[in-house]
Number of protein chains: 2
Amino acid sequence: MPRPSTPLLSADRIRSAALAIIDRDGLDGLSMRKLAAELGVQAASLYGHVRTKDQLLNDIAASILQPVDMSGFDVDWREGLVRCARSYREALSAHPNIVPFLAYGPAGREESLRRLDILNGALVNAGWSRREATMIVAGLMFIVFGAALSSFSNGFSADPADYGDRFPNLDRAHLLPAVAAELDRDSFELTLAAFVRGL
Amino acid sequence: MPRPSTPLLSADRIRSAALAIIDRDGLDGLSMRKLAAELGVQAASLYGHVRTKDQLLNDIAASILQPVDMSGFDVDWREGLVRCARSYREALSAHPNIVPFLAYGPAGREESLRRLDILNGALVNAGWSRREATMIVAGLMFIVFGAALSSFSNGFSADPADYGDRFPNLDRAHLLPAVAAELDRDSFELTLAAFVRGL
DNA sequence: GAGTTAACCTAACACTGTTCGGTTAATCGG
DNA sequence: CCGATTAACCGAACAGTGTTAGGTTAACTC
């Protein structure tokens, strides 16, 4: 195929197609050839719009995290922390399959630094020392990322026989998958609330 | 090479060689061919001792988590949670490069279920409802895994120019890598303490 | 001593991310 | 309007991946 009249590809189209594949087939389900195929194109063509697969994933991650809410600090720092964490987790849990990728290292993006700057500033403003502020921010990230990926209740089998008599305190663990989403959210809220209260 | 007089390979040798590679070269640095080479053997030979690479990683993960301390519940549930979380994180942070693998899903193995059973039982015993107990356990895992992989302070560049005037509250972020390990631990302890206190 | 099993090998398969060089259409300068 | 440049795609290839099939020989069992 020569150069087409209207371009088939664009960075945006590539990103959203890639994200769709990740959501559907998991992180390992995304390959450049498969992505190209779904866009009606050969793999090599993608590299005219995307520097590398890793970069593509980073861009996707950044776009997912765009809508994280930093507005709560106008009220007070506790509200700021809660809103930030909540919207952060929501953004991640809408695309859980990409979270393992984030585990490889901070998608050291501009946007991401901006958020950290706001968090730190707000906490210092509220009277925390710089070191404390840093640690609190870290703790908030621990909880957000932990909640996003542990996706705790997903790890359990739906077969009661897998727990049986051996683990008497897990005798209802097989029910977890059915309520996984709700329980994950509630667990996150409980953890976040306890953390902020305990500070 | 025919069958050697004394076997060159064993599941144990393979596991520890693999872990050494992961610690040294990262998770992506481990390939079956490289692993075989370091053991003085061809890649195919590994499959006489190991079912699959994924299984190998799961086994390694399980062996790392073996020494998690469940004894604190003899004192009280708060102490139990703290000791469990602390030793859990310590085990993971001794081999940080394998943590991203765990993010792909719980190495849902026998040992891991045993620990969850103990946690749940102790909390219910202490008066929490079953649902609350489940959520508290989940929260603990959030913090442990979050702390292990966010490995927060590692994400920052050591070059002050990367933050400069744009992010005034991050003006000392370039110092983070130097104290990463200590800060990560302190952040974890602060988060854990706040969480347990807030319950 | 024969037969079986265990431990290794070589070779291959079907993938992966990425690069190189080529072909053609759109676009811009004069 | 024409020539040169650029942009968008393709085919083929490279080096690497996990894994399997089939072969060879040593060690063990009866």
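The values are calculated or read from the model by the stated rules, or taken from the named source; none is laboratory data. The shown structure was predicted, so the numbers you read here are calculated from the model rather than taken from an experiment. For neighbour counting, all protein chains shown are included, and Cβ atoms are generated from backbone atoms with ideal geometry for every residue, glycine included. Each accessible area value is taken on the protein alone, full model and side chains, heavy atoms only, with ligands, DNA and RNA left out. Shrake-Rupley method; radii C 1.70, N 1.55, O 1.52, S 1.80 Å.
For segment A:11-127, with all protein chains present and a 1.4 Å probe, just round the carbon and sulfur fraction of the accessible area to a whole percent.
46
Using the crude model of +1 on Lys and Arg Cβ and -1 on Asp and Glu Cβ, and no other charge, please compute the dipole size for segment A:67-198 relative to its Cα centre, in debye to 20.
Taking the Cα centre of segment A:67-198 as origin, the dipole is about 420 debye.
From the backbone phi of segment B:37-42, what are the Karplus-calculated ³J(HN,Hα) couplings (6.51 cos²θ - 1.76 cosθ + 1.60, θ = phi - 60°) in whole Hz, Gly and Pro given as x?
Going residue by residue, I get 4, 5, 9, x, 8, 8 Hz, with x marking Gly and Pro.
Calculate the mean, over all residues of peptide A:184-194, of how many other protein chain Cβ atoms lie within 10 angstrom of the residue's Cβ.
For this peptide, the per-residue mean of nearby foreign Cβ atoms is 6.
Ignoring everything except DSSP H segments at least 4 long, calculate the 222 nm mean residue ellipticity for chain A; use -39,500 (n - 2.57) per segment, divide by total residues, nearest 500.
Taken over chain A, the calculation gives -18000 deg cm²/dmol.
Sorting check: for A:83-91, A:26-34, A:6-14, which peptide has the highest mean count of neighbouring beta carbons within 10 Å, and how do the rest follow?
Packing proxy ranking, top to bottom: A:83-91, A:26-34, A:6-14.
Please work out whether segment B:11-50 counts as rounded, prolate or oblate from its C-alpha gyration tensor, where a ≥ b ≥ c are the square roots of the eigenvalues and a/c under 1.5 means rounded, while otherwise a/b larger than b/c means prolate and anything else oblate?
Cα axes put segment B:11-50 in the prolate bin.
Hey, can you list the DSSP H helices of chain B whose Cα span along the axis is 15 Å or longer and whose average Kyte-Doolittle score is at least 0.0?
Membrane-span-like by this criterion, though nothing is claimed about a membrane: B:53-65, B:130-150, B:180-198.
Would you be so kind as to identify which of B:TYR88, A:ALA36, B:VAL50 lies farthest towards the positive end of the dipole of the protein assembly as shown, taking Lys and Arg as +1 and Asp and Glu as -1 on Cβ and the Cα centre as origin?
In the protein assembly as shown, that residue is A:ALA36.
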